[in-house]
Structure formats: structure tokens, C-alpha cells
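K.L.:
Below is one structure. I have some questions about it.
The values are calculated or read from the model by the stated rules, or taken from the named source; none is laboratory data. Only a predicted model underlies this, so the values are computations on that prediction, with no experimental measurement involved. Every residue, glycine among them, receives a Cβ derived from its backbone with ideal geometry; neighbour counts consider all protein chains shown.
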Amino acid sequence: MTTKSIHPETLVLHAGWRADPTTGSVAVPIHQTTSYQFRSPEHAENLFALKELGNIYTRIMNPTTAVLEERLAAIEGGVAALAVASGQAASAFSIQNLARAGDNIVSSTDLYGGTWNLFANTLKDQGIDVRFVDPSDPENFRRATDDKTRAYYAETLPNPKLVVFPIAEVAAIGRPLGIPLIIDNTAAPILCRPFDHGAAIVVYSTTKYIGGHGTSIGGMIIDGGNFDWFRNKERQPMLNTPDRSYHGAIWAEATKPLGPVAYIIRARVVLLRDLGAALSPMNAFQIIQGLETLPLRMERHCSNATTVAKFLSGQQGVTKVIHPSLATGSARERADRYLHGGYGGLLGFELAGGREAGVKFIESLKLFYHVANIGDVRSLAIHPASTTHSQLSADEQAMTGVTGGYVRLSIGIEHIDDIIGDLTHALNAAQTV
Ligand code: PLP
């Protein structure tokens, strides 16, 4: 893009692509190809040796996917991005790119259930210890740190608690120690730009708001280019010691001519190469279609959710409503500091009737879909205790804020009167149990 616009409304439409030079195609073409013809043996050799950047094989890069990567990096204010097959792959890669067996990371307890499982079980089995800390006191991150700590990890707007994470405070603890803060910004695209507050890496499930249409699973890792991987070399050995899988390349040095992209290049040419969680070009195209309307949709998600939060607060049988628009004290201060343009589309509430009322409420909805997803244009509802968080122990559920009567809503962009109408009807039904 020739213009230096930083307005997300413009970047979602123009960053990374301007009409195909050969065909004039305005929409980003779907490059549904596995491989790319090399111009000569020398060209092929240069590409493999990373002397020249270019397409080799779609597991590692693809021109359609590259537009999505460049566009999201521009919106976030980052320097480069790597698209992967799902949000889960993005979270896993974001850690595996820095930590290996014997290392640890410190993570907020307030996490999506799937990320919790990845951290508490799969990464643990791989020898990476994840230390969970309560984010209400940022100093908990420092307390859990030792010389094997490679990263801090958190979600901007974690559900179900929906208390905004203290990004700047925790990033400031990590930076002098050489520890980057990785932020999952899935629930707050456009509303929050974590790099502006000191985060080093942003991950997304693009399955959610970024796609919005609910057609395609995808994930993204974005490098802020704002972290000094050299400052404390012992702290980040995977970027500062020779990589035997790449002729002994030291990534922080080998990538210097390309800019501050050591982290994201390693993720692409080592992790994506070896673990293979590539996004399909078709899904990249679909996610680009969604991304183009993201700022408009976020406005409506936020305004609808704020209205629903007010509505639910006055309802009989509802003991608690959780939405940042209703937060008070330090939680409200954080919401106002980190979220701009609205308080997000996710909302939780507690039914006095407990688990039974929760189940009745869900089965009585007619407009809301009962699905394990968030961030769709349609309104969605789920009962986490019996679904998304059911693989967690009772203690773990409590730690992540899930109780029997808790219902999570992802408010869509339908007309607000229809949303309120469906909720009214389901609440009435839930009162009958
Ligand atoms: N991060 C958050 C905050 C999520 O809500 C989810 C999925 O619900 C994920 C990551 C995982 O994303 P995906 O389902 O695309 O693998």
C-alpha cells in the first residue's frame, strides 16, 4: 500500500494487496497451489538457503496467506506475521518458538479452556513447565520467574472472567529480564493493540471475530518487532544459539539484514516447516473476506453487548452479569485504559438456579446458536461447565471463573430487539426449573 494510513478501517481493505499486476483482479486471488516453479537451479538454491525470500512450498508460505499476514501485521502495528491452521496452533507455536524441555513460561490463570489444556498437559508432557499465576497482581509474574523462564503469556480479554489483563504492567516486568509478553488478543481485535502497551508477540484465533463468518478455522502469530532478543542472550537460547536444523544458523543474527524479525522467521522456517500446521489458501481467502469488515462489526458487537449487559443486570434469577462495561474499580480502569471503541462482544452471567437453570436456558434459546465458538456474526451461547471447560477439574474450573450456573454469550450483530427478545424468552424458561 502506498499510503501510510494507520486507520484500521482502511488497512483492513488495502494493506498487503493492490490489484493483481497481471490480471487486474481486485479481490485477493486464491493461490490454491502446493508448490512454485523455480526460475533456475540457482534461484532454488538461494531460496532454500534463505539468501533470497520467495515461495517454495505452501506448507511454509503462500501468496494468498501472505496478504492476510501482512494485513493483520499492519493493523496490529507489528512488523511481520505467520498464519497457521488454528488459534491453538498459534498459541502452541508462540511458546515452542522460545521454550523447550527444561524451560518454563509464566501464564495468567485466565485462559481459554483449550489453551489451559495445552499448557497444563501437552506442553508439560513435552517438558515445558507452565506456571499459572493470578493476573490481578502483575508482580505475580515476577515472583514465578526464574532463569529458565522464556516468556509470559496472557489473554487481553479472557473469558469467562472478562477482566482486562494488565498488559503494560506485566510487559514492563519482563522487558528488563529479557522476557517477552505474548498476548492472545482473540477477543479484542481493533479494540486493543497490545504492541502499543509493550507486548512483544500477539496471537489470534482468526476463527473468531477476524473471520466473523464462522466458516474457517485459522490462527495468526504477529511479531511486534519491538523486543530486543539480544539483550539477554542466555535468556533466549533458541534465538541466540546455533540451530543444528539450519546449518548452525543463529536466528537473532542471521535475520538481522531483514529487520527485527528473528522470532517470526524462526517460527516459519523451523516450526511450520517441521510441525506443518499450515493454513490452507482457501481459508486464508475466507478470513481475508471477514477481516475487511472487522472494524464495522466490532462496533455493533460492542454496542449490542453493552445493551444486553444492562438488560440482564435488571433480570430476576440473574445473580451476576460480567461485561467490562459494568466493571468498577481497577477492573474498570484497565478496561478503559486498554479497550478503545467498546467493551467487546463477550458477556457472562450467572443464573440463580445453578447448573439445571443453565442447561434449561440454553435449550430454550431460539435465535442464539448453541455452539463452542465466539466472535461469530450470529449470537452464540454456551454453558462452559458442561462443554468448553468440562475437561478441567472442579478446582481448575473455579480458577478460570466457571461455575454451574454460568452462561457465556457471544453477542452477534443482529438487531438488538431480536437478541433481547430471545434472551427474555429463555430466561423465563430457566425460571421454571
Ligand atoms: N484463544 C482463544 C481466546 C479462544 O477463544 C480460542 C478458541 O475458542 C482459541 C485461542 C483457539 O482457537 P482455534 O479454535 O482457532 O484453534
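This table checks each residue for (1) within 18 Å of GLN286 (Cα to Cα); (2) more than 16 Å from the chain's Cα centre (by Cα); (3) of a type in the set (A, V, I, L, M).
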position: TRP17; (1), (2), (3): yes, yes, no
position: ALA27; (1), (2), (3): yes, yes, yes
position: THR58; (1), (2), (3): yes, yes, no
position: MET61; (1), (2), (3): yes, yes, yes
position: LEU68; (1), (2), (3): yes, no, yes
position: ARG71; (1), (2), (3): yes, no, no
position: ALA81; (1), (2), (3): yes, no, yes
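K.L.:
Which members of segment 179-208 meet the condition of being touching a strand residue (DSSP E or B) at 6+ places or on another chain (Cβ under 9 Å), in a loop (DSSP other than H, G, I, E, B) and more than 10 Å from the ligand (Cβ to nearest atom)?
P.N.:
ILE179, PRO180, PRO189, CYS192, ARG193, GLY198, ALA199, ALA200
K.L.:
Moving on to the next point. Please work out if ALA331 is within 24 Å of the chain's Cα centre (by Cα), more than 16 Å from the ligand (Cβ to nearest atom), modelled with pLDDT under 95 and not basic (Lys, Arg).
P.N.:
When the stated conditions are applied, ALA331 passes them.
K.L.:
Given the conditions (1) among the charged types (D, E, K, R); (2) in contact with a Gly (Cβ under 6 Å, 6 or more places away or on another chain); (3) buried (at least 24 other Cβ atoms within 10 Å of the Cβ), and given that ARG231 satisfies all but one, which numbered condition is not satisfied?
P.N.:
Result: ARG231 passes all but (3).
K.L.:
So is PRO158 without any contact (Cβ under 8 Å) to a residue 40 or more places away in the chain, in a loop (DSSP other than H, G, I, E, B) and in contact with a strand residue (DSSP E or B) (Cβ under 8 Å, 6 or more places away or on another chain) or not?
P.N.:
no
K.L.:
Hey, THR319 hits all of (1) away from the ligand (no atom under 16 Å from the Cβ); (2) assigned to a loop (DSSP other than H, G, I, E, B) but one; which does it fall short on?
P.N.:
Unmet condition: (2).
K.L.:
Going residue by residue through segment 292-307, is there one that turns out to be more than 15 Å from ASN159 (Cβ to Cβ), touching an Asp or Glu at 6+ places or on another chain (Cβ under 6 Å) and either away from the ligand (no atom under 16 Å from the Cβ) or β-branched (Val, Ile, Thr) (or both)?
P.N.:
Taking every residue of segment 292-307 in turn, at least one turns out to be more than 15 Å from ASN159 (Cβ to Cβ), touching an Asp or Glu at 6+ places or on another chain (Cβ under 6 Å) and either away from the ligand (no atom under 16 Å from the Cβ) or β-branched (Val, Ile, Thr) (or both).
K.L.:
What are the pairs, 6+ residues apart or on separate chains, where a residue within segment 22-37 that is free of Cβ contacts under 8 Å to residues at least 60 places away in the same chain has its Cβ under 9 Å from a residue that is among the basic types (Lys, Arg)?
P.N.:
VAL26/ARG18; THR34/ARG59
K.L.:
Oh, and also: If you scan segment 293-317, which residues turn out to be surrounded by fewer than 20 Cβ atoms within 10 Å (Cβ to Cβ) and more than 24 Å from the chain's Cα centre (by Cα)?
P.N.:
Within segment 293-317, THR307, LYS310, PHE311, SER313, GLY314, GLN315, GLN316, GLY317 qualify.
K.L.:
Pick out the one residue from LEU312, LEU279 that is away from the ligand (no atom under 16 Å from the Cβ), in contact (Cβ under 8 Å) with a residue 40 or more places away in the chain and in contact with a strand residue (DSSP E or B) (Cβ under 7 Å, 6 or more places away or on another chain).
P.N.:
Answer to the selection: LEU312.
K.L.:
Identify all residues within segment 157-178 that are within 13 Å of the ligand (Cβ to nearest atom) and not aliphatic (A, V, I, L, M); write none if there are none.
P.N.:
Scanning segment 157-178 gives PRO158, ASN159, PRO160, LYS161, PHE165.
K.L.:
Given the options ALA81, ALA90, name the one that is under 16 Å from PRO180 (Cβ atoms), of a type outside the set (Asp, Glu) and out of contact with any helix residue (DSSP H, G or I) (no Cβ under 7 Å at 6 or more places or on another chain).
P.N.:
ALA90
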